[in-house]
Amino acid sequence: MPTPDFIRTIRASAGNQLLWLPGVSAVVFDDDGRVLLGQRADNRKWTVISGIPDPGEQPATAAVREVYEETGVRCVVERVVLIRSGKEVAYPNGDRCQFMDITFRCRAVGGEARVNDDESLDVGWYAVDALPPMGERQLFRIKQALSDEPTWFEPTTFE
C-alpha cells in the first residue's frame, strides 16, 4: 500500500500541508555483491527500497519489512549507512512531505526478487557497475553502503 493508513488519517485533518515524516531505505546486497533495486510505480524511477515505518516500529524492522513487502526478498540489517533529511516532495494530488531518512546496508538471506506489491513496476538485482539510470541521492546511498566509512550525516555548521 503506497500511503499508510496512519498518514491517511493525518491527511484527513491536515490537508495537503507539509508533513515531516520518518523514512527508511535499504541498500540490499546479495552474495554476488549485486544490489536490489525497484522501479517505482509512481514516478518510474529506479531506487533502493524505501518506505515509512509504522507508528512505534523500529527503523531497522521497518526496512526489513519494506524490502519483503515490495520485493519478496528476505534480508537482515548489517549497519546504518547514513541519516539525511530529504528535499520536500510534492505529489500530484497536492500532498507535500519531507522525510528524515535512515539508510541501512542489508544482506539478502532468502526469497526471490519479484514485484510483490503495487508500488513497483519492476524489481531486480544489479551489478554496482551496471546500474540503471538513477538519481544522485540513490547513487550516494549505494556508494556509502559499499564504503567502510562510519555513518554519514550532513556536517553541522554554526554561524
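Rank Tyr126, Tyr68 by accessible area, highest first, at a 1.4 Å probe radius?
On the way: Tyr126 55, Tyr68 75 Å².
Of Tyr126, Tyr68, the descending order of accessible area is Tyr68, Tyr126.
With springs only between Cα atoms under 10 Å apart, run a GNM on the chain and tell me which of Ser85, Ser13, Ser25 wobbles the most. Its mean-square fluctuation being the largest, the pick is Ser13.
How many percent of the accessible area of region 30-102 is carbon or sulfur, using a 1.4 Å probe? Write out the running numbers ahead of the final one.
Numbers: 1850 of 3690 Å².
It is 50 percent, rounded to a whole number.
When cysteine pairs in the chain are screened for C-beta atoms closer than 4.7 angstrom, the residues that find no partner are Cys97. Summarising the strand pairing of the chain, around 65 percent of its internal DSSP beta bridges are antiparallel. Stretched out straight at 0.36 nm per residue, the stretch from Glu69 to Asp31 would grow longer than its current Cα-Cα span by 11.6 nm.
Each residue of region 54-62 was assigned a 3J(HN,Hα) from its phi angle through the Karplus expression (A = 6.51, B = -1.76, C = 1.60, θ = phi - 60°), giving 6, x, x, 7, 5, x, 5, 4, 4 Hz with x at Gly and Pro.
For Glu78, the residues 5 or more places off, or on other chains, whose built amide H falls under 5 Å of its own are Arg105, Cys106, Arg107. Couplings 3J(HN,Hα) of region 100-117, computed from phi: 9, 9, 10, 9, 10, 8, 10, 10, 5, 10, x, x, 10, 4, 7, 5, 10, 7 Hz, in residue order, whole Hz [Karplus 6.51 cos²θ - 1.76 cosθ + 1.60, θ = phi - 60°; x for Gly and Pro].
Extension gain for Phe158 to Thr61 (0.36 nm times residue separation, less C-alpha to C-alpha distance): 31.5 nm.
Stretched out fully, how many nm does the piece from Leu18 to Val109 gain, at 0.36 nm a residue minus the Cα gap? Before the final figure, lay out the partial values.
Details: separation 91, 0.36 × 91 = 32.76 nm, distance 3.73 nm.
Here the answer is 29.0 nm.
Taken over the alpha carbons of region 21-121 as equal point scatterers, the Debye sum produces base-10 log I(q)/I(0) values at 0.11, 0.21 Å⁻¹ of -0.31, -1.13.
Spin-label model, Tyr91 to Phe140: label points 7 Å out along the Cα-to-beta-carbon direction sit 2.4 nm apart.
The values are calculated or read from the model by the stated rules, or taken from the named source; none is laboratory data. These figures come from a predicted structure and were not determined experimentally. Neighbour counts are summed over all protein chains in view; Cβ atoms, including those assigned to glycine, are modelled from backbone coordinates with ideal geometry. Side chains are part of the model used for accessible areas, which takes the heavy atoms of the whole protein and leaves out ligands, DNA and RNA. Shrake-Rupley method; radii C 1.70, N 1.55, O 1.52, S 1.80 Å.
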